[in-house]
Each structure stands twice: as C-alpha cells, then as structure tokens.
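Asker: If you scroll down you'll find the structure; I have some questions about it.
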Amino acid sequence: MPASQNTDAARWDKSFFGHPLGLSTLFFTEMWERFSYYGMRALLILFMTATVQNGGLGFPTSRAGAVYGMYTALAYLAALPGGWIADRICGQRKAVLVGGILIAIGEYCLAFPRIQTFYAGLAIIIVGTGLLKPNISTMVGALYTPEDKRRDSGFSIFYMGINMGALLSPLVCGYLGENYDWHYGFLAGGVGMTLGVIQYSLGGRYLGKAGTTNVGTPADVALFRKVLSGFAALVAGLALAGVSGFLNLSVEGISDIFGVSLGLVVAVFFGWLLTSKEYAPERKRFLAIFVLFIAAALFWSAFEQAGSTLNLFAERNTNLHTWDFPLWGLFRASYFQSFNSLFMVFGLAPLFAWLWIKLGKNEPTSTAKFSIGLLFVGLGFAILIPVASSNAVSPWWLTLTYLLHTIGELCLSPVGLSAMTKLAPARAMGMVMGVWFLATSVGNFIGGRLASVYESFPLPALFGIVAGFSIVLAVVLLFLINPMKNLSEGVN
C-alpha cells in the first residue's frame, strides 16, 4: 500500500471524535432512519383516528390500535429474517442500503392520500426496517478489531445518533403533520431517510470492509427464493380470498390472527429451546433468558404505549394550550414523543452510565435492574390514574410519566442487551439476540392493541391495569434475584 494511503487510513481511523470515520457514516444513517421512524410513529395513530374532514382516515380506535400494534410489532420482528438475509445472502452493507431505500419509498407512499398507498407504505417500511435496523449495528462493531478498547465508546456515540433522530423528528414531522397536512409529516420522514441513504452511499468508502462479508451458499439462496415465493403466494392467496368474499378479513381479525401466531411462535420456540438436547448444558441459562424475556415483553408493552394510548391521551385529555408559545404556535400532542430522547440526551444516559460504575461491587444484578425498570414504567402509569378522567390535564403529568419511563428504560434496555450477550452460548449468540427483538415485538403488539380499547374502557382502569401488572412483576422479580443468580451460573 502506498505511503499516502497508509496516512489516509490512519487519519480516517481517528477522524470522528477519535473513532473511525466510518462511524460518522453509520451514525448519520441511523440518525435519519430513526428520524423517519419516530416522526412517522408520532403521527400514525393520530392520523388514523382523525376524521376524514380533518384529513385523517377516520378509523375507530379499535381499528387504529390493531394497525398500530401490528405495524410496530412487525417492524421489530422483521429484524430476524433481515439479519439472516444479510448474513447468508447479500452482506450487511447491501442490506442497509436496500433497507434505507425501501423505508424512504414507504414514507413517500404514506404521503399520498390513498388507503391503498397507506397500507402499502407500512408494509414497505416494515421490510426496509428489518433489513436496516439489525445490520447497521453489526457494521458498527465491524469497524473495530476485537482488541480495540474504543468499541464500547463507539456504540455509545452511535446510540446518541439514535436519540438525536428520535428527538428531532416528532418536532419536525409533528409540526408539519398536525399544523398543515398529515401527509407533509410523512413526506418529511421520507426526505430524512433519503438524506440518510445519500450520505450512506457517499460515505461508504470510509467503511472499509465492514458489512461486506457474504457467507451465503447456493443452498441459502435457493432456500431464500423458496421462502420468498411461498410468502408471496400466501399473501396473494389471502388477498384473493378477501376480495372474493371467501374469507371475511378485517383489520381487527388479521390483528387477532397475528397476535395468536406471535404467541404460538414464542411458546414453540422456548418449548424447543428448553427441551432441546443440543442446548441441554445451557438449559439453566436459557431458563433465565426466558424469565428476562417475559419481563422485557411486559415492559415494552407499557413503554411503547408512548405512540398509542399516551399519544391519544395527549391529544384528547391534555390541555395542550398551557404550553402554546409565540414562535412555534400551538403545542401539539406529537411533540411529547420527543421527551424520552430529550431526557435521555440531556442528562439521564450519562448519569446512569456513571452510576453503575460508581456502585462498583454494589451494582444491582441484571434481574434487580429489570425489576427497577418495571417499577418505574408502572409508576409512570400509576400517576395518571387520578387525572385520567379529566379532559384538561396539565401537560406536566405526561412529562413526569415520560421522565419515569425513561428512567425505567435505562434500567432495562441496555442492561437487557448486555445480559443476552452474557447468557448466550457462543454458538447461539445470533439466535438469542433475535429473542430480544422478539420480546420487543411482543411488547409493541400488546401496547398497540391496548389502544384499541381507549374509547370503550375507563381510562383510570386501563392505566391501573398496566401499572398493576408492571409493579407486581417488579416485585416478583425481586424474589427471583437469588434463583436467577443460580440459573445464570454466576453471570450478573
């Protein structure tokens, strides 16, 4: 290699806050992807439930909750096949590029005022998210050698990109969508993802060989084609049966079928995992993973109501005019979707990173941290119970809810990722990380479906049930701390 190229490589390796310049490419790609996702999510249920006269779809909350739950669940569930496709077919780099393009196309579909393009857009975004989301994180790790001590710091910087996108997007997309036209908000998400794709393409030369590994075989490609053909045939068959009237398919009915199927997948998967002879030596650890899976799924079912029931509560039961201000105009319900990232970026994330190190040997176990996380997400709903019947609640109540939920997230989300990597045997690492995405998918589905009963169930009772289940499980986990230490075989 010429001396000039060696010099460039050395400079690129420390050009982004002391990290490889390729990290900047992935940082901004993920930032724009999260801008697209959270901007659209902030508007989704509000757009579906808005009247046709106000530019919305006029869905009842039962249908809107069903669509929202399926969409968010599938967006995370798609990470499982998306990771496999990258590993065995095309490599991470191509998967991220194709995923970003599909997300942008999906957002542009939502910008058209047609019900057909609405559903098509959601489906395309799901596929794109499944290709991009799991693989871009893998590429971040590939920028560093196993001995490079900057790896954890690099992921922390990358995580800030996620939160920057999630912080800005509800303000931009929400402002356009709620003040001018819903479709302008979706269009802004598409423009953001397009910018992400452009800079990803231009910055590809800084990624080195990250994401280019392709271990696929002809057998893998043949299997992929068969599965893809079978899935396409299934979708076409269901569509034909619905159009012909042979099957009376409704959104709510499809959502119910999906929910049952998701439950069966979880039951069959863990049933096989806990009885498999192949993993018999690690059975105790897999049982510990199952306990954490249940806790994580319930946590996300409460936490992810930010975009469903809490979004509706902000629009219908909160006195938003309390926070109107001249330069920005009316305060809108979608703006609350920025609060989680606002708390995360400006104080809480660094505070918790410092706290766990400061506690040293007294640091709580993963099970204890999960318990704390569930406690705080439960408290976030509990404080809303006394005011849930009002139609003019102060926005400070929701602000406190999101603060408590962010504390809960910091106690559970990064801890859960770390626990999965510690508990999983090396030969099943990818599968166990898929389990984490599965827990998030289950939680998102439940959180979306709870919005279906927003109009038909007393809000104090709904919030009380969510708070009660979360807090009770938090207490149960406290009693499981010592048994979980035994199951985890020394892993904290």
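The values are calculated or read from the model by the stated rules, or taken from the named source; none is laboratory data. What you see is a predicted model, and the numbers here were worked out from it, not measured in a lab. Note: ideal-geometry Cβ built from the backbone for every residue, glycine included; neighbour counts use all protein chains shown.
Asker: Starting from segment 126-142, take each residue that is touching a residue at least 12 places away in the same chain (Cβ under 8 Å) and list its partners that are of a type in the set (Asp, Glu), counting only C-beta distances under 7 angstrom and pairs at least six apart or across chains.
Answerer: Close Cβ pairs (under 7 Å, with a partner that is of a type in the set (Asp, Glu)) amount to LEU132/GLU33; ILE136/GLU30.
Asker: Give me the residue from segment 312-335 that is out of contact with any Asp or Glu (no Cβ under 7 Å at 6 or more places or on another chain) and of a type in the set (Gly, Ala, Ser) and, out of that set, modelled with the highest pLDDT.
Answerer: Applying the first criterion (out of contact with any Asp or Glu (no Cβ under 7 Å at 6 or more places or on another chain)) to segment 312-335 yields 312-329, 335.
Those left that are additionally of a type in the set (Gly, Ala, Ser): 314, 329.
Working: ALA314: 93, GLY329: 70.
The extreme case among them is ALA314.
Okay, residues lined up against (1) among the hydroxyl-bearing types (Ser, Thr, Tyr); (2) farther than 18 Å from LEU298 by Cα; (3) buried (at least 20 other Cβ atoms within 10 Å of the Cβ):
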residue	(1), (2), (3)
LEU462	no, no, yes
VAL466	no, no, yes
VAL472	no, no, no
LEU477	no, no, yes
ASN482	no, yes, no
LYS485	no, yes, no
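Asker: Within segment 81-140, track down each residue that is under 28 Å from GLY55 (Cβ atoms), outside any helix (DSSP H, G or I) and small (Gly, Ala, Ser).
Answerer: ALA111
Asker: Say whether the condition of being outside the structural domain of ALA314 (by TED's automatic domain parsing), among the hydrophobic types (A, V, I, L, M, F, W, C) and in a helix (DSSP H, G or I) is met by at least one residue in segment 203-211.
Answerer: Scanning segment 203-211 turns up no residue that is outside the structural domain of ALA314 (by TED's automatic domain parsing), among the hydrophobic types (A, V, I, L, M, F, W, C) and in a helix (DSSP H, G or I).
Asker: Quick check on my filter: what residues within segment 396-426 are hydroxyl-bearing (Ser, Thr, Tyr) and more than 16 Å from the chain's Cα centre (by Cα)?
Answerer: Initially, segment 396-426 is screened for residues hydroxyl-bearing (Ser, Thr, Tyr), giving 399, 401-402, 406, 413, 418, 421.
THR399, THR401, TYR402, SER418, THR421, listed by residue number.
Asker: May I pose another question? Inspect all residues belonging to segment 199-208 and state whether any of them is surrounded by 12 or more Cβ atoms within 10 Å (Cβ to Cβ), at pLDDT below 75 and not polar (S, T, N, Q). Give the derivation first.
Answerer: Keep residues of segment 199-208 that are surrounded by 12 or more Cβ atoms within 10 Å (Cβ to Cβ), which gives 199-201, 203-204, 206-208.
Filter once more, so that each one left must be at pLDDT below 75: none.
Looking for residues that are surrounded by 12 or more Cβ atoms within 10 Å (Cβ to Cβ), at pLDDT below 75 and not polar (S, T, N, Q), one finds none in segment 199-208, hence no.
Asker: Also, I was wondering about something else. Based on this model, can you work out whether SER456 counts as among the polar types (S, T, N, Q) and either farther than 20 Å from THR61 by Cα or touching a Cys at 6+ places or on another chain (Cβ under 6 Å) (or both)?
Answerer: Details: among the polar types (S, T, N, Q): yes; either farther than 20 Å from THR61 by Cα or touching a Cys at 6+ places or on another chain (Cβ under 6 Å) (or both): no.
Considered against the rule, which asks whether it is among the polar types (S, T, N, Q) and either farther than 20 Å from THR61 by Cα or touching a Cys at 6+ places or on another chain (Cβ under 6 Å) (or both), SER456 comes out as no.
Asker: Can you tell me which residue in segment 286-330 is nearest to the chain's Cα centre (by Cα), limited to those that are under 30 Å from MET431 (Cα atoms) and not hydrophobic (A, V, I, L, M, F, W, C)? Even if it seems obvious, please write down each step before you answer.
Answerer: Residues of segment 286-330 that are under 30 Å from MET431 (Cα atoms), as a first pass: 286-308.
Among the residues that remain, those that are also not hydrophobic (A, V, I, L, M, F, W, C) are: 301, 304-305, 307-308.
Values: SER301: 12, GLU304: 9, GLN305: 12, GLY307: 11, SER308: 14 Å.
Among residues in segment 286-330 that are under 30 Å from MET431 (Cα atoms) and not hydrophobic (A, V, I, L, M, F, W, C), the one nearest to the chain's Cα centre (by Cα) is GLU304.
Asker: Something else about it: Quick check on my filter: what residues within segment 453-481 are more than 17 Å from ASN317 (Cβ to Cβ) and either outside any helix (DSSP H, G or I) or under 23 Å from the mean Cα position of the chain (by Cα) (or both)? Lay out the reasoning, then the answer.
Answerer: Just the residues of segment 453-481 that are more than 17 Å from ASN317 (Cβ to Cβ), to begin with: 465, 468-481.
Of everything in segment 453-481, those that are more than 17 Å from ASN317 (Cβ to Cβ) and either outside any helix (DSSP H, G or I) or under 23 Å from the mean Cα position of the chain (by Cα) (or both) turn out to be PHE469, SER470, ILE471, LEU473, ALA474, LEU480.
Asker: State whether the residues of segment 267-288 include one that is closer than 22 Å to ALA382 by Cβ and surrounded by 15 or more Cβ atoms within 10 Å (Cβ to Cβ).
Answerer: Of segment 267-288, the ones closer than 22 Å to ALA382 by Cβ are none.
No, there is no match, as no residue in segment 267-288 is closer than 22 Å to ALA382 by Cβ and surrounded by 15 or more Cβ atoms within 10 Å (Cβ to Cβ).
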